[in-house]
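Asks: Handing you this structure, nothing more for now.
The values are calculated or read from the model by the stated rules, or taken from the named source; none is laboratory data. Everything numeric here is computed off the predicted structure, so don't read it as measured data. Don't worry about glycine lacking a Cβ; one is built from the backbone with ideal geometry, like all the others, and counts go over all protein chains shown. The accessibility values were calculated without ligands, DNA or RNA, using every heavy atom of the protein model including side chains. Shrake-Rupley method; radii C 1.70, N 1.55, O 1.52, S 1.80 Å.
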Amino acid sequence: MPVKWLMHFQPNQGTTLTSQVMAEACAVAESFPGVSRDGRWRSSMTFYRAVPRDQSLPAPSDLPRDLIGISLHDLPNEYLFVMRSQRLILRAHSSVQTVMDKLQSYKGRFFINFEGLQYKWGDFKLRIGKCLYNPNEALRGIVMEVEYLPLSSIDKSQRVMEEFYEIWREAVASKLLAGQFINTEVNFVEYGLGDSYTPQHTAVLYGMCVVQVIASSNKNQ
Amino acid sequence: MEPQQLAGSGDAPPKQVAQAMDRLGRAARLIAEIRLGADRILEALLVSNENPRLSEKAAELTLGEEDAMRRHFLDLRTVGKQLEDSGVLSGALRSRGNSWGLHMPLVCPDGAVVAYAWKRQLAGQAGASAVDRARLALKAFSDQKRRFFPQLEDDQLNRSNNDTIKFPPTKRPRLSHRPTQSPNIDSTEQKPMLADILKSIQTEAPGVTISTCQRLEWSKRAESLASTMNDSSLEQPKEQILSNLSGSFNEVAVIELVASGVFRVLVSLHPAGSTDPDAVAFFSPNEGGSYLHSRGMSVHHVFKHVTEYADKALQYFQSSDPNKALSHLLSWICSHQSLFTKNCSKCSKLLAMDKSLALLLPPVHRPYLLNSKDHDQDFATAYHIGCSSYDV
């Protein structure tokens, strides 16, 4: 599976994030020669909290209290779970969501949708999207996913992705956007993930990125 | 002469067909007898001409032969009449309604006999006769070649499937049979063997896995790579280490070079088992499918451009140093391990925007020019398409 980097937009100190930023970021992408729009994309994330069976008893300590469920745009038939505290990732069929609803052992606390535009640029694929808090559709952040199609090795693609990131940051700065894109740094080894990129890597990236997005959004409010 | 059975229209078609075949056989034998008879008559005439003493004996022989030949002619006429009546020679009975799908054997204008035209077997038999004729033609051709071009005998023994003759027959007339020697040997320089070349490349570039296989094996492997890539539940597709055909490199037609996480390169050899590369193509290690072969093209821009450049490099190696073309090519390929890490030697960046192509690419041009007799050719420089000058 091709390697991906995930970035989120960090607004400048004192400025608030607006949808205008999304339009400006797309304009930056479209300003590169050879970029072509490639449709829309959409992913979603659910923050689950454990529901204790018996309210009077304390919750067992070995079970995770919080669980993140992720549905990725490029894997419609799958659903991934991330347990950040235990550093575990689970890949399941998308029908597991029905199971979760029936079991009611974990309940969705809140939901985040990612949606936006997709671009193709040679061997790169770019996805710029809004991070929307469900249900009131409040804008919490702007994310950008960069995918390099020829390579699956994280190690071998490191330099290519770094240089792309620099090119992107320079373009964004030159267009005077009110902020910058920050890359999500993750130590995949902690999650037991290897050098070859997989959907589990993406799940971890999103999990980490959303935490940063929410933190930065709370700070700016 | 055995009594002939009359094949009436009351006979079943299979019997009629069998009888027709029988008669054709007899006709052929009669024709052969007639030819022999004519030969004997001529011989008798020659003998009597040279040796007048034997002329009486020769005359007796001639008269005897004449009788025999006359009989043969009569028999042939009878058989011919029978065949004509049964429709063999004219094909008139092909469309007979009650023939059970069988047709009379047909003698084609070129003399070939199409024995059975059973509907089920039509294609097979016609094919069989074509195969037989092709085999006969090949045999006749081989015999003539052996007779008129004896010096090409060794080449025929050495090349298993291919008749490409590198040098014209007049250049090196072969008088001794040395089947183990390659016909391309120049008297001054030994051409290296495939096994040695691969071993030395493996030592030179330990990060690259090299394997070899036959052409058909490769197409199966390419398909299996596609299914491995599709199974995204695998953490990492295991690189199947193909065993090199140890000791027997005679059939090797494809060399696969894999630098883990960087590239998969295919080089084809033509003819199989030789050390002459004829095509090269670069692919992503992610790719799999039937389009993965030495004349295929990657779906990724970076590898497309490297492959185009590799074609030029191959042509250069073939023209400047044909005996070592494969060694140079493989070394050059292995230098691409740093394709995604080595900066451009001109602008010092890794990624650069190519304005004409509107693509962001790493340095895909690695100069391939060989400098005189330097064996330590390291192909160390790399350039973006826009940065490489015309003469690198």
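Asks: Using the C-alpha gyration tensor of the range B:269-315, what are the square roots of 5 times its eigenvalues, in whole angstrom, with the largest one first?
Replies: Semi-axes (√(5λ), whole Å): 20, 14, 7.
Asks: In the Gaussian network model of chain A, springs joining C-alpha atoms below 10 Å, which of A:54, A:38, A:74 carries the largest mean-square fluctuation?
Replies: Highest fluctuation of the listed residues: A:54.
Asks: Enter the mean number of other protein chain beta carbons within 10 Å of the beta carbon of each residue in A:144-152, as an integer.
Replies: Rounded to a whole number, the mean comes out at 5.
Asks: Determine how many Å³ per residue the convex hull of the Cα atoms of the range A:93-140 encloses. Spell out each step's value before the answer.
Replies: Working: hull volume 5.4 nm³, N = 48.
Here the figure is 111 Å³ per residue.
Asks: With N set to the number of residues, divide the alpha-carbon radius of gyration of chain A by 2.2 N^0.38 Å and report two decimals. Show your work: numbers first, answer last.
Replies: Working: Rg = 18.1 Å, N = 221, 2.2 N^0.38 = 17.1 Å.
Against the compact-globule rule of thumb, the ratio is 1.06.
Asks: At R0 = 35 Å, how high is the FRET efficiency between residue B:199 and residue B:226 if r is their beta carbon distance? Nearest 0.05 is fine.
Replies: For R0 = 35 Å, the calculated efficiency reads 0.70.
Asks: Residues with beta-carbon under 13 Å from that of residue A:41, excluding residue A:41: net charge, scoring Lys, Arg +1 and Asp, Glu -1?
Replies: Net charge around residue A:41: +3.
Asks: Enter the accessible area of residue A:208 (Å², nearest 10), with the probe set to 1.4 Å and all protein chains included.
Replies: Roll a 1.4 Å probe over it and residue A:208 shows about 50 Å².
Asks: Continuing with the same structure: Cα-Cα pairs above 23 Å in the range B:246-392: how many percent? Please report the intermediate quantities before stating the final value.
Replies: Working: 3774 of 10731 pairs.
Every Cα pair in the range B:246-392 considered, those over 23 Å come to 35 percent.
Asks: Any idea how far apart residue A:74 and residue B:45 come out in nm if each label point goes 7 Å out from Cα toward Cβ?
Replies: 9.0
Asks: For the range A:25-107, what mean projected area does the convex hull of the alpha carbons give, in nm²?
Replies: On the way: hull surface 31.5 nm².
Over every viewing direction, the Cα hull of the range A:25-107 projects on average to 7.9 nm².
Asks: Multiply the residue gap between residue B:143 and residue B:217 by 0.36 nm, knock off their C-alpha separation, and tell me the result in nm, one decimal place.
Replies: Length gained, residue B:143 through residue B:217: 23.2 nm.
Asks: To the nearest 10 square angstrom, how much accessible area does residue B:141 have with a 1.4 angstrom probe?
Replies: Taking all protein chains as shown, residue B:141 has close to 130 Å².
Asks: In nanometres, what is the gap between the two model label sites at residue A:87 and residue A:214, each 7 Å from Cα along Cα-to-Cβ?
Replies: Once both label points are built, they end up 2.1 nm from each other.
Asks: Taking a cut-off of 24 Å, what percent of all Cα-Cα pairs in the range A:55-149 are separated by more than that?
Replies: It works out to 36 percent of all Cα pairs.
Asks: Take the Cα pairs of the range A:132-221, get the Kirkwood Rh, then feed it into Stokes-Einstein at 37 °C and 0.692 mPa s and tell me D in µm²/s.
Replies: Taking Rh from Cα pairs, D becomes 219 µm²/s.
Asks: In addition: Which FRET efficiency value, to the nearest 0.05, do you get for residue A:111 and residue A:50 by plugging their Cβ-Cβ distance into 1/(1 + (r/R0)^6) with R0 = 22 Å?
Replies: In this case the efficiency is close to 0.85.
Asks: Follow-up question, since we're still on this one. State the dimensionless ratio Rg/Rh of the range B:32-73 (Rg: radius of gyration of Cα atoms; Rh: Kirkwood radius).
Replies: Working: Rg = 10.3 Å, Rh = 10.2 Å.
Computed over Cα atoms, the ratio is 1.02.
Asks: Can you compute the FRET efficiency between residue A:95 and residue B:315 using 1/(1 + (r/R0)^6), with r the Cβ-Cβ distance and R0 = 56 Å? Round to the nearest 0.05.
Replies: 0.50
Asks: Roughly what angle does helix A:154-174 make with the longest principal axis of chain A, taking Cα atoms, 0 to 90 degrees, to the nearest 10?
Replies: Between helix and principal axis, roughly 60 degrees.
Asks: I would also like to ask the following. Pick from A:167, A:112, A:70: which residue has the top mean-square fluctuation in a GNM of chain A where Cα pairs under 10 Å get a spring?
Replies: A:167
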